[in-house]
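Worksheet for the structure shown next.
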Amino acid sequence: MKILVCVKQVPDTTEVKIDPVKGTLIREGVPSILNPDDANALEAALQLKDKDPEGTSVAVLTMGPPQAKAVLREALAMGADEAYLVTDRAFGGSDTYATSYILSQAIKKLGAYDVILGGKQAIDGDTGQTAPSIAEHLGATRLTYVLSLKVEGDKVIAERQVEEGVEVIETKFPVLCTATKESNKPRYATVKGVMRSFNTEIGQITLADLPDADTTKMGLKGSPT
């Protein structure tokens, strides 16, 4: 089983201040962290790998500037097998629609995945749109607000949080799921994992690697919002 986890580097919101004139986040000088809900998504993937360590691989993917490699190395230290950075000046200024399109094209380049995981939402934007939109671009089933995942053969059985309680849904691969903070407690990186993370090469995907992608759906000009 091939699992891909989409993660994001975000500013630590406990340190964020608002520009009183522009009304935007002041990101300069603010420490960055792995988006908390994405850590839950990664833990969900690693738990699936724990049950089938020989037959399951976990890759992580993020879009951002070169410094976003820090969250990829954190994911590798926790137990992910591979990591990829999607980065290009042409991607700058992308909103959730453009970001989800770019990530979907990168995922297509990497090949088919059985399960794609992401956090419920990012703490900097709080839209909860990017991961479900990736599923739409890929034509994959999407299950949001997932509390637990179980794989049986080529199908996934998920418990998902809804207003009325908990739903149990069964679907087949490929499927994209978004995890909530209630789903699990992310594990800590081990010393061995940290050492391995710095010895693992991080793959890089740029616009040149996506020759069939529609550039009108990227960056600031390709962002409807």
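The values are calculated or read from the model by the stated rules, or taken from the named source; none is laboratory data. Keep in mind it's a predicted model, so treat the numbers as computed, not measured. Because the Cβ atoms are built from the backbone with ideal geometry, glycine has one as well, and the counts that use them run over all protein chains shown. Heavy atoms of the whole protein, side chains included, go into the accessibility calculation; ligands, DNA and RNA do not. Shrake-Rupley method; radii C 1.70, N 1.55, O 1.52, S 1.80 Å.
Check every DSSP H run in the chain and write down those whose alpha carbon atoms cover 15 angstrom or more along the long axis and whose mean Kyte-Doolittle hydropathy is -0.5 or greater.
Span-like helices, by this rule, are 96-110.
What number comes out for the charge environment of residue 132, summing +1 per Lys or Arg and -1 per Asp or Glu over other residues with Cβ under 12 Å away?
Neighbour charge sum, excluding residue 132 itself: +1.
Tell me, what % of the accessible area of the chain is carbon and sulfur with a 1.4 angstrom probe?
50 percent
Once you list every other residue whose beta carbon is under 14 Å from the beta carbon of residue 112, what net charge do they have if Lys and Arg are +1 and Asp and Glu are -1?
Taking every other residue near residue 112 into account, the sum is +2.
Give me the percent of DSSP beta bridges within the chain that run antiparallel, rounded to the nearest 5.
Within the chain, antiparallel bridges account for around 40 percent of the total.
So for the range 61-174, taking the charge dipole from beta-carbon charges (+1 Lys/Arg, -1 Asp/Glu), which of 143, 118, 80 sits furthest toward the positive end?
80
With a/c under 1.5 counting as rounded, go ahead and sort the range 149-225 into rounded, prolate or oblate using the C-alpha gyration tensor (a ≥ b ≥ c being the square roots of the eigenvalues; past the cut-off, prolate if a/b is larger than b/c, else oblate).
oblate
Would you please put 113-119, 28-34, 175-181, 160-166 in order of how densely packed they are, using the mean number of other Cβ atoms within 10 angstrom per residue and starting with the highest?
Going from most to least packed, we get 113-119, 175-181, 28-34, 160-166.
For the range 29-188, taking Cα atoms only, what is the radius of gyration to one decimal and the Dmax to the nearest whole Å?
Calculated on Cα positions, Rg and Dmax stand at 15.0, 47 Å.
Go ahead and set up a Gaussian network model of the chain, Cα springs under 10 Å, then flag whichever of 139, 193, 153 fluctuates most.
Looking only at 139, 193, 153, the biggest GNM fluctuation is shown by 153.
Grab the DSSP H runs of the chain that are 4 residues or longer, score each as -39,500 (n - 2.57), total them, divide by all residues and round the 222 nm result to the nearest 500 deg cm²/dmol.
Roughly -8000 deg cm²/dmol at 222 nm, from the helical runs in the chain.
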